[in-house]
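Following: one structure in C-alpha cells, then a few remarks.
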Amino acid sequence: MIISRLNKLARKLVIPRKHLERSKIKASLKNLEKKINAHFDTKVSKLIYFGSWTRNTLLPRKYDPSSDIDLMVVFNTDNKELLPVTYRNQLKSFLEQNYPRNFCKKDLPVVRLELNHIKIELVPAINGYAYDNRLFYDIPKNQEYWQETEPNDLNAELTQANQYYGRNLVRSILRLMKYWNASHNYPWESYLLEKEIVDLNFRGEDIYSGFLYALNEVGANIPKVRQALDWIENYQSKNDREKELLWMRKLLPEL
C-alpha cells in the first residue's frame, strides 16, 4: 500500500513536459535569454543551464516553493578580465533595467530574479575550458577572487546511478527526499542533498526501503526524523499499516 502511494507521489513531483507550469518556465527562460543577448551583446559568450532543471529533478512549486533554475552567464574576457563583483553588478543592473517589478538581490555568487512562477539564479562566470570531456568555469568566490566549478558535474552521475539500479529508482527517491526537505524547512541545501542521495548504494532497495534508507543517512540526526523512523520501524514489525502510514505522512505530508 505504501509503496504504491510513494510511486504515485513521486510521479506528482515531476513537472510534465506539456504542463502549464513547464510552459511558463520555458517561456520565461526564452525571454530572459533574449534580453541578456540584447543587453550584453558580445560581452556574454555563452549561457549555460545547470542544477536540478537540467537533471529533471526540479519539483513543482506546489511541493517546493523555493525551487529555482540556475543559469550561468559566461562573460567574454578577450579585452580584460574584471573582478567578480563587477560582473555581478552588471547582472544586477541588467535585472533592474529589464525586470523592474521583480525583486532581485545579490547573494554570493548569484543574482536572483524572482518571477511569479519560478526563481532564476544568474551566476557570472569566466574562463571556460574543457578537460577529460568535462567543462569547467570560474565563478565568484567573493568580491575579489574566483573559484573553479564544474556546473553539471552531477548530471552524469545521476543518470548512471538511475540506469544502474533501474526502475527510475534513484530519481524517484531523490524527488521524494527533496519534497521531504522542502516540507521541513530545508535542513539541506538542494545540491548537497542531491549529491548525497546519488552517492548512496540502493542495491536491493525498493522505493519505500530506499527512501527510508536515504532519510536515515541524511536526516537521522534530526530529532523529529529520528522519532518518525523509529516509529515506522516499530509499526512495520507489528504489521500495523495504518499507523505506519500515519508516521510516513509526518515525513511526506502529501502521501
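Values quoted throughout were computed directly from the atomic coordinates according to the rules given, and no laboratory measurement underlies them. Because the structure is a prediction, the values reported are computed rather than measured. Every residue, glycine among them, receives a Cβ derived from its backbone with ideal geometry; neighbour counts consider all protein chains shown.
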Handout entry: Top positive-direction residue, dipole computed over region 20-151 with Cβ charges, set Leu20, Ser52, Ile36
Key = Leu20
Problem - Rounded to 5, the percent of DSSP beta bridges in the chain classed as antiparallel - result: 75
Exercise for the section: Sticking with the crude label model, points 7 Å out along Cα→Cβ, report the distance from His184 to Ser23 in nm, one decimal please. Expected result: 3.7
Handout entry: Positive-pole candidate from Leu212, Asn133, Met248, dipole of the chain, charges at beta carbon
Key = Met248
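Test of understanding: given the chain, find the longest segment containing no GluC sites (Glu not before Pro) that are in a DSSP loop and have at most 11 other Cβ atoms within 10 Å.
Details: sites that count: Glu144, Glu189.
Here the longest run is 1-143.
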Exercise for the section: Relative to the longest principal axis of the C-alpha atoms of the chain, give the angle of the C-alpha long axis of helix 84-98, reported between 0 and 90° and rounded to the nearest 10°. Expected result: 90
Problem - Net charge dipole size for the chain [Lys, Arg +1 and Asp, Glu -1 on Cβ; Debye, nearest 20] - result: 1260
Exercise for the section: Can you spot the aspartates and glutamates whose alpha carbon is less than 17 Å from Lys30's alpha carbon? Ignore those fewer than 8 places along the same chain. Expected result: Glu21, Asp41, Asp68, Asp70, Glu114, Glu121
Exercise for the section: Among Ile118, Ile48, Ile207, determine the one that fluctuates most according to a GNM of the chain built with springs between C-alpha atoms less than 10 Å apart. Expected result: Ile48
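Please compute the contact order of the chain in relative form: average sequence separation of alpha-carbon pairs under 8 Å and at least six residues apart, divided by the residue count, as a percent.
Numbers: 335 pairs, mean separation 44.6, N = 255.
It comes to 18 percent, rounded to a whole number.
Considering only region 20-151, what is the antiparallel percent among its DSSP beta bridges, to the nearest 5? Before the final figure, lay out the partial values.
On the way: 22 of 29 bridges.
Rounded to the nearest five, the antiparallel share is 75 percent.
Just flag the chymotrypsin sites (Phe, Trp or Tyr not before Pro) in region 77-110 sitting in loop per DSSP whose Cβ has no more than 15 other Cβ atoms within 10 Å.
Values: sites: Tyr87, Phe94, Phe103; in loops: Phe103.
Answer in residue order: Phe103.
Once you keep just the Cα pairs under 8 angstrom separated by 6 or more residues, what percentage relative contact order results for region 145-251?
It comes to 21 percent, rounded to a whole number.
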Problem - Cα-based reach from Lys62 at 19 Å (exclusive), listing lysines while leaving out same-chain residues under 8 positions away - result: Lys8, Lys12, Lys18, Lys24, Lys26, Lys119, Lys178, Lys250
Exercise for the section: At 7 Å along the Cα-to-beta-carbon direction for both Thr42 and Glu150, put a label point, then send me their distance in nm to one decimal. Expected result: 3.3
Practice task
Return the FRET efficiency for the residue pair Tyr131, Asn234: r is the Cβ-Cβ distance, R0 is 45 Å, and the value is rounded to the nearest 0.05.
Solution key: 0.30
